[in-house]
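Okay, so here's the structure we're looking at.
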Amino acid sequence: IRATFTSMGTVGVVLLLALFGAIIWWMVSAGLLSTADRSTMAWVVLTCLGLLLGFGMSWAHIRSRISGQSSVDRVDQ
């Protein structure tokens, strides 16, 4: 979780969650997903959480490859 917030920031995490929320909302309104089935909704939430953490952990690597700068934690002594 820390790697996700460090690499994407709070704004990036909120935007990605909003995107996932909009996709789920569209699927429910189109009838592709039922909110009555709790098991299916649990799988959808877990999948979105896994995608969020996966994007967050890999974003630091993607950003360093694009910009040429590496991300490091600053440790003051």
Restricted to the range 44-55 and to residues being of a type in the set (A, V, I, L, M) and more than 18 Å from Thr6 (Cα to Cα), the residue least open to solvent (accessible area, probe 1.4 Å) is Val44
Scanning the range 56-77 for residues that are open to solvent by less than 100 Å² (accessible area, probe 1.4 Å) and either of a type in the set (S, T, N, Q) or modelled with pLDDT of 90 or more (or both) gives Ser58, Ser64, Ser67, Ser70, Ser71
Of the residues in the range 19-45, those that are modelled with pLDDT of 90 or more, charged (D, E, K, R) and part of a loop (DSSP other than H, G, I, E, B) number 0
The correct count of residues that are more than 27 Å from Ile62 (Cα to Cα) and surrounded by 13 or more Cβ atoms within 10 Å (Cβ to Cβ) in the range 1-43 is 4
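The values are calculated or read from the model by the stated rules, or taken from the named source; none is laboratory data. In this text the structure is predicted, and so the values were computed from the model without any measurement. In this analysis, Cβ positions are derived from the backbone assuming ideal geometry, glycine residues included, and neighbour counts consider all displayed protein chains. We work out accessible area using only protein heavy atoms, side chains counted, and drop any ligands, DNA or RNA first. Shrake-Rupley method; radii C 1.70, N 1.55, O 1.52, S 1.80 Å.
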